[in-house]
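Read through the structure below, which is laid out as structure tokens, and then see the notes.
The values are calculated or read from the model by the stated rules, or taken from the named source; none is laboratory data. Keep in mind it's a predicted model, so treat the numbers as computed, not measured. Ideal geometry is used to build each Cβ from the backbone, glycine not excepted, and the neighbour counts take in all protein chains shown.
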Amino acid sequence: MTSSGRREAVEVLYVSSVPSPEQFVAMQGELLPDAQQVTYGMPESGYKFHSLIQRGLIENGARVTSLVGRSATPRFYRGGWWPRVVDRPRDSLVVDHRGFPNARGAKQLHLAVSLALGAWRWRLRTRGRDRFVVVDAAYVSALPGVLAVTRGVTRVAIFADVYTFMADVADASDRSGARYRAMRRVVARTYRAIDRFVLLTRQMDPVVNPERRPSIVMEGLVDADMAAADNVLAAKDEHLTVLYSGALRSEYGLANLVDGFRAWDAPDARLVVYGGGDYASAVAAAAAVDPRVEFRGTVPNAEVVAAQQRAWLLVNPRPADQEFTAYSFPSKNMEYLVSGTAVLTTRLPGMPADYDKHVLTIDGSSAADITAALERAAALGRTELHARGERARQFVLDRKNHSEQGRRIMELALGETRA
């Protein structure tokens, strides 16, 4: 506390692969030509998720030092030495991108040491102050060193996924072999050093937190500034537009969405798809034979958000009967909800009950189930769909905004009730 009674800023060390806005853009320019359509590195959703958490912490009295190991590899990005870059994108935020050799094998080892050294220096610099550490739990190569040098400081881990169930990790689909078993043991041992847990779903808790240390469920967060982005009924598309945006992966139910939409007897309806991934070519092929399907690929996020607000219905067909869905809450659902357009989603097991009255649901995961859900949603009409979307938007702006979620993390880390 200062002599006037005002609390000094809480020092927060944030360790992740999330770059500053400037570096996020710059990294896109370093992609190799053959990798332009590859979904790799720090995706827009992950970048937004962690950036909003940092903003929420700052708005609740934190001064954040972000140590970053950029997610570049020689397979997808230009090689050579990537120099250290320090950015200050906003007050109370310093983003320290550590330098590294973009060479197979050497990169992760170098960054593990560099991030640990950076964390050690932060610890020395912030002695005697209120402080805590936030780590991205998915950054498994950096965690052991960072957690070791910050022992004695409260360490909070953000679990946006469970490592062994991550769809984009090679060993997630093949849970056999020595490599998988060794990684699972290392990761489990590393997680035991964590003091506080921020979980995407309650189902994660027994998997990553068997010792039942303090935790909260934070299934997502939205940008409070979206309150200024009105979703106006008069600006909606003339025809009934169903929109999907995000990773185009076969395990996310894209085949059932495309097939279910094409089986729907609605000549004036359109399915608009944005994104990239292993199912992109199949979506493009469907668009070539069905004029009601439009594939728009990967475009700037601002263009996607504008299209979401013009659409009648935003759909997430992710199958609810697959194991990994219990450990995930799609960031796309939060982005959909804050747009103000009605959301149609499967009944994901990790979705808390307070969302039930704010979404329309797909009862099942088959193409036929999606067709039936589209028919039910369309029967509500344009006006009612818009009204439902607006109510859902207000719900997430009031309850799930970045400042409120930042407050909850601060409260968890500091072990106190904050006003």
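When you scan the stretch 95-110, do you find a residue that is within 19 Å of Leu414 (Cβ to Cβ) and among the acidic types (Asp, Glu), even just one? No, there is no match, as no residue in the stretch 95-110 is within 19 Å of Leu414 (Cβ to Cβ) and among the acidic types (Asp, Glu).
Against the criterion of being farther than 30 Å from Val258 by Cβ and in a helix (DSSP H, G or I), Arg408 qualifies. Cβ-Cβ below 6 Å, separation at least six or inter-chain, first residue in the stretch 250-264 and assigned by TED's automatic domain parsing to the domain that holds Ile362, second polar (S, T, N, Q) and at pLDDT 95 or above: which pairs? If the second residue must be polar (S, T, N, Q) and at pLDDT 95 or above, the pairs left are Gly260/Thr371; Ala263/Thr371; Trp264/Thr371. A single entry from Arg75, Arg55, Arg63, Arg88 fulfils the requirement of being in a strand (DSSP E or B) and touching a residue at least 12 places away in the same chain (Cβ under 8 Å): Arg63. For the residues Arg90, Arg125, Arg131, the requirement of being surrounded by fewer than 18 Cβ atoms within 10 Å (Cβ to Cβ), charged (D, E, K, R) and at pLDDT 95 or above singles out Arg125. Within the stretch 369-389, the presence of a residue that is outside any helix (DSSP H, G or I) and either at pLDDT below 95 or touching a strand residue (DSSP E or B) at 6+ places or on another chain (Cβ under 8 Å) (or both) is excluded.
Among residues of the stretch 199-249 being of a type in the set (Lys, Arg) and assigned by TED's automatic domain parsing to the domain that holds Phe295, the one that is surrounded by the most Cβ atoms within 10 Å (Cβ to Cβ) is Lys236. Tell me, which residue of the stretch 367-409 that is crowded, with 16+ Cβ neighbours inside 10 Å and hydroxyl-bearing (Ser, Thr, Tyr) is nearest to Val242 (Cα to Cα)? Applying the filter and picking the extreme gives Thr371. Filtering Val304, Val343 for residues that are at pLDDT 95 or above and closer than 18 Å to Asn231 by Cα leaves a single hit, Val343. Taken as a whole, the stretch 51-60 holds at least one residue that is modelled with pLDDT of 95 or more, out of contact with any Cys (no Cβ under 6 Å at 6 or more places or on another chain) and surrounded by fewer than 18 Cβ atoms within 10 Å (Cβ to Cβ). Only a single item in (1) in a loop (DSSP other than H, G, I, E, B); (2) at pLDDT 85 or above is not met by Thr190, and it is number (1).
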